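Chemist: Dropping the structure in here first, questions after.
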Amino acid sequence: MPDPRPARRDRYLQRLGGAASILFGGPHATRNSDSEYRYRPQSDVVYLTGWEDPEVAVVFRPGSEHPYVLFVQAKDKEQEVWTGRREGVEGARGRYGADLAFPYSELGSRLPVLLQGYERLHHAYGEHPDHDRIVFKATANARTALRNGLCLPWKMEHSRVLLGELRLQKDEHELELLRRAAAITAEAHIAAMQAGKPGAYEYEVEATIEGLFRRRGGTGAGYTTIVGGGVNACVLHYVNNRDVLAPGTLCLVDAGAEVEWYTADVTRTWPVSGRFSGPQRDVYQLVLDAQIAAIACARAGRPWREMHDAAVRVLTTGMVELNLLDGDVDELIVEERYRKYYMHGTGHWLGLDVHDVGAYHIGLSSRPLAAGQVVTVEPGLYIAPDDHDAPEALRGIGVRIEDDVLVTEGDPDVLSRACPKTIADVETACARA
Ligand code: GLY
Ligand code: MN
């Protein structure tokens, strides 16, 4: 597939209108002491440039002779012995197609010149103090500049607004990567169902999943893998993954492979002993019904909010049937009483970031979905182990089911459909010898 980035840059430059823009890739983050995390490129930078090294800034100057300018780590023989080959300024101009490229160390001194003539600047302010300092210093003389008949940006817009709009609408290249991520993820969830027998540890399931992500060529997990056995499934973002899986319990796995920085986000909940008990089956089927009802709303033109409303209605009706709640379903929904057992949203945009960018509302209205957007659909039901109002048989059960769905002009396209989901299919995948 041809490099999609030149077309993305053209679109971005066009949409910027008369505004300049600056994007930053982060520095290496420290893990502890002087050890660093492996650098994960900043998503906006990857989207528009493909640049994967740390310490990078991209300046866009629409309408100028040199609209695409990269500031990158200069080549440095001594440093490269430790951290590997750098593309350097030469690579930025050559392979990455920048109109101009400079060492990152020159950013502060060159920025006021590059921004000359632009009244408006897009910048992700408030995210990183060092980046803010560079930008504010470069634009601080806007008033003096005006007095001298020159112009520096004096209006700032958050860069994530426009980039959110662009990144929300996936192109073919992105969809191909998301499909690959979803396929690897489905395979890993099936492997997890097979590995998570009674007596296995949550971390062994995590290792099975993440090992497969890497063996299939993914960059790793797109977010911290959640493996919650038993009551740990009731902790929404449980990531300690250090308990043993007990017979007769459920295990909730929320894990997604990242492929070329695009991530899947899939959750499955399955019986450790291979068969759901009666109460587990009731809760599971209810969540599944809610998920299917929500996915049916993932259609172009339907408001984003409809998926959540559909899930809430099914879940609340089921909560009454399971004696978790008592009362009129409409009233329970208006009073949000379901939140005791379903306390999160039904999904989010998905892409380079697991909680991807893009507005969920236009003004005060829920955004209508459009073909080319990718959403997660992830209802759940969580009954705390110490909830003495709940029927005893249901206490400590936590279930979430999550798929990745491409909105199309027609039916929803479930990218993660290879991952078993019906009770029969999950029990088959979990069959114990
Ligand atoms: N999979 C984690 C989340 O959606 O928050
Ligand atoms: Mn999710």
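Coordinate-derived values only; no laboratory data. Fair warning: this is a prediction, and the values are worked out from it, not measured in the lab. Because the Cβ atoms are built from the backbone with ideal geometry, glycine has one as well, and the counts that use them run over all protein chains shown.
Chemist: May I ask you to list the residues of region 145-177 whose amide nitrogen lies under 19 Å from a point 7 Å from Cα along the Cα→beta-carbon direction of Q116?
Modeler: Flagged as within label range: 145-155.
Chemist: Quote to one decimal, in nm, the extra length available between R15 and D328 on full extension: 0.36 nm per residue of separation minus the C-alpha distance between them. If you can, show how the numbers build up before the last one.
Modeler: Numbers: separation 313, 0.36 × 313 = 112.68 nm, distance 4.91 nm.
Fully extending the segment from R15 to D328 adds 107.8 nm.
Chemist: Kindly rank 74-84, 421-431, 177-187 from highest to lowest mean number of other beta carbons found within 10 Å of each residue.
Modeler: Working: 74-84: 10.9, 421-431: 16.2, 177-187: 23.3.
Those peptides, ordered most packed to least, come out 177-187, 421-431, 74-84.
Chemist: So, one more: Students often forget the sequence filter, so: which aspartates and glutamates lie under 14 Å Cα-Cα from K340 once same-chain residues fewer than 8 apart are removed?
Modeler: Leaving aside aspartates and glutamates fewer than 8 places away in the same chain, those within reach of K340 are D326, D386, D387, D389.
Chemist: Considering amide H positions built from the backbone, and no H for Pro or chain starts, which residues 5 or more places from H122, or on another chain, come under 5 Å of its amide H?
Modeler: Distant-sequence amide H within range of H122: A20, S21, I22, E157.
Chemist: Would you compute, from DSSP H runs of 4+ residues alone, the mean residue ellipticity of the chain at 222 nm, taking -39500 (n - 2.57) per run and dividing by the full residue count, rounded to the nearest 500?
Modeler: Values: 14 runs with 153 residues, N = 433.
That calculation yields -10500 deg cm²/dmol at 222 nm.
Chemist: Please compute the length gained on full extension between A29 and D130, using 0.36 nm multiplied by the number of residues separating them and subtracting their Cα-Cα distance.
Modeler: On the way: separation 101, 0.36 × 101 = 36.36 nm, distance 1.33 nm.
Contour length minus the Cα-Cα distance gives 35.0 nm.
Chemist: While we're here: Can you tell me the order of 229-239, 7-17 when each peptide is scored by its average per-residue count of other Cβ atoms within 10 angstrom, highest first? Write down the numbers at each step before the final one.
Modeler: Working: 229-239: 19.5, 7-17: 15.5.
Packing proxy ranking, top to bottom: 229-239, 7-17.
Chemist: Between H237 and A433, what is 0.36 nm times their sequence separation minus the Cα-Cα distance? Round to one decimal in nm.
Modeler: Details: separation 196, 0.36 × 196 = 70.56 nm, distance 3.10 nm.
Length difference between fully extended and current span is 67.5 nm.
Chemist: Next up: Once you've got the GNM for the chain with C-alpha springs shorter than 10 Å, pick whichever of D403, D130, D353 has the biggest mean-square fluctuation.
Modeler: D130
Chemist: Treat each spin label as a single point 7 Å out from the Cα along the C-beta direction, and report the Y201 to I362 distance in nm.
Modeler: 5.2 nm
Chemist: Also, quick follow-up: Could you check the spin-label model distance between D99 and E336? Points 7 Å from the Cα along Cα→Cβ, value in nm.
Modeler: 4.8 nm
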